[in-house]
Every structure is written in C-alpha cells, then in structure tokens.
1. Just to confirm the number: angle between the C-alpha axis of helix 126-141 and the first principal axis of the chain, 0 to 90 degrees, nearest 10?
2. Using only Cα atoms, locate the centre of the range 288-309 and the centre of the range 1-67, then give the distance between them in Å, rounded to an integer.
3. Over 18 Å, how big is the tail of the calculated P(r) for the range 168-296, in percent of all Cα pairs?
4. Among 314, 155, what is the fewest-to-most ranking by other Cβ atoms within 10 Å?
5. Taking the Cα atoms only, what angle lies between the long axis of helix 295-308 and the longest principal axis of the chain, rounded to 10 degrees?
6. Could you tell me how many cubic angstrom of Cα convex hull volume the chain has per residue?
7. Would you list 207, 170, 165 from fewest to most Cβ contacts within 10 Å?
8. Let me have the 222 nm mean residue ellipticity of the chain computed from DSSP H runs of 4+ only, each contributing -39500 (n - 2.57), with the sum over all residues rounded to the nearest 500.
Ligand code: GAF
C-alpha cells in the first residue's frame, strides 16, 4: 500500500513525495451517537487505512489525486477554498487545509496522492481517516506541532463547517489516537482518554465486522435530525448536554420532558443517550474485571436501543444482529451512524465461521447484497510510514 501510494504520487506529480502517512478507519465497540451529546465512546482502529503521500508547495496551490477515483488531479487555490463548494471526496482534504488556515496555521500549498483500503459508505469512518491522514501529513511537514486532540478537532471542523456534515468528534479522535491492541475510552466533553487493552484472541474470542453494503451516505439529513432532537431534549431538560442527565435520574427526567415537550422522537433520543452512556460504563467495568464475554449482552442491548429508541437501524442491520445471535453470538449491534453501514458481532472463536455463514445465507435468502465479513483487529492510529 505504501509503495502503491508513493508510486502513484510519482506518476501524477513527477517527483518523489516528501513522506507517506497512514490513518485508519474504525469500528465503535459501544457509545453510539453519544459524542455530540458530550458523552462517552469506545472505538477501536481497524487495519484498513487511508494512505496519503504528500509534498509541500510554496505557491498557494493544493493538488489532490486519488488512486481509487478515476479522473485527473484537482487543482485548487488555497485562498479560494470555499465551504460547501465541492461535494466529492476532495472536500475532505480541502476542508482540512481550509480548517488549518482558518486556525491561523501557515500552509503554503501541497501535492497529495491518496490510496485507501477503508470501505466507503460502510460506517467505518473512511472520511475521518482521509481527514486525519491529510492533517497529520501537513502538521508534520509544516511543523505545526498539533497535538492529536487538536488535530482531531480541526478535522471535525473541516467536516462540520467545510463539508457540511454535523458529526461529533469520535471518528477523528479514533483515527488519530487509537493504539494497537486497545479500545479507546474517550470522554468527548474534555477529550480525556484511556487506552483499554482489548486482546480478544487471548480469551478465545473474536469480533466480526459485517458490512451490509447498504450505503449510508444519503442519510446525513437524518443524522442532523437526530442531533437536533438531542439538542431539543437537552434544552427542555435545562442541561448543557444530555450527558448531564444521570442514569439514576432517567425516569424523573423523562417525566419532566413529557410535561414540557410532547415529542416521542425527542423522548426516544433522550432515553437512548442516557442509557447508552451507562452501557459504556458497564462495558468498561466488565473489561476491567476481565469479564469480556459479558460485554456481548451490553452490545445487544445497545442495538435494541438504537433500533427502538434512537431509530437509526435498518432491516439489514437488524438481520445481522438477529441472525448472529440465533447462530450463537455473545452479542451484536450496529456500529457507527446507522441507516445502513456495518454491524459488529462478538463471538467465541470456534463459532465465528458458522455465524458468518449464517449471516451470509440469511442475506441471500432475503434478497440482499452479499455482505462483507471480516475480523476487527484493534490496530494502530495515524502515523508516518
Ligand atoms: C458518525 C459520526 F461521524 C460520529 O461523530 C458519531 O456521531 C457516529 O456517527 C455515531 O456514534 O460516525
């Protein structure tokens, strides 16, 4: 991969790049849609990565080319980068350059060649990986000295304000900060983090990722809608964010909410966020106690909450979860934003093949696309190669 992106750079720009950087996609173990509610998340990086070969320029020009998308390189002037102008893949690295410059950081220009193994539209954070690979390359080449959380924040700004997707901070932090063999326990309010050892194979376990191949890219309007519902819930409950509603106060909070706002959608969102933050706490406690198998039930409860309260699942994601559980999985749930994309399945190593076969057969019987099934191996975060 590293050779491929390097050779691609030479082919497109006629010189060797100054360096090659990699940033991974992610799956989230638990803590879904909590990040824009100041809550808790637990992602792990995948071995699937975006590679960026990059060189500086000093003439205020940004050139972008991807080995994965047909067509010539984009050529843009840094002082003409405009939020919302470009809907394609190039908006993500352009947005990063825009965000760095908006933060007053000196970027003279760049030539960028991209090559990726992160499936797109699969809920595995291909966009965040693209942003983080670009940002890390520019931070190092221009000696900007950005900390990983700061870098992640700038990437989030690129996505929120340049691309126009109102995401939280989880995906960018996962790509920037995850480490091999760990899940990242992250408080999205102050970005405090803890690397939690996650060695499933040592315990005879496996985690599968099932990409349903139902693309979720058109769902941004629905994502923004859930975010607005959460914010409406926080306003009605007079808290800064739903993270501030303790699980012990949930019933009382829902009663207060009902009295102030007769909106079942907001009610469901509030219930999901409060119970989901609790599920992150439960998962951490179980992992710390070495009770990894018991995490399965927490994952499955998380799926029910995303399906019934938050309403971001879909037929195919439910089919993965139901089929995997019926075939003996310890737990399963959708992961990422939802409305398509991927699910994760926690299972005994000896059961994984049978479960993968059962899911594939169920998809075939239901007339769905053949899903992609692979193992989630907790991998390294962004780095220079
Ligand atoms: C998407 C977003 F980009 C994240 O910020 C997060 O909200 C996630 O959906 C849901 O947990 O991946």
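No lab work stands behind these numbers, since they all come straight from the coordinates. Not measured: the values here are computed from a predicted model. Note that we place each Cβ from the backbone using ideal geometry, even for glycine, and neighbour counts take in every protein chain shown.
1. 40
2. 31
3. Value for the range 168-296: 65 percent of Cα pairs lie more than 18 Å apart.
4. 314, 155
5. Around 90 degrees separate the two axes.
6. Output value, Cα hull per residue: 135 Å³.
7. Neighbour counts put them in this order, fewest first: 165, 207, 170.
8. -12500 deg cm²/dmol
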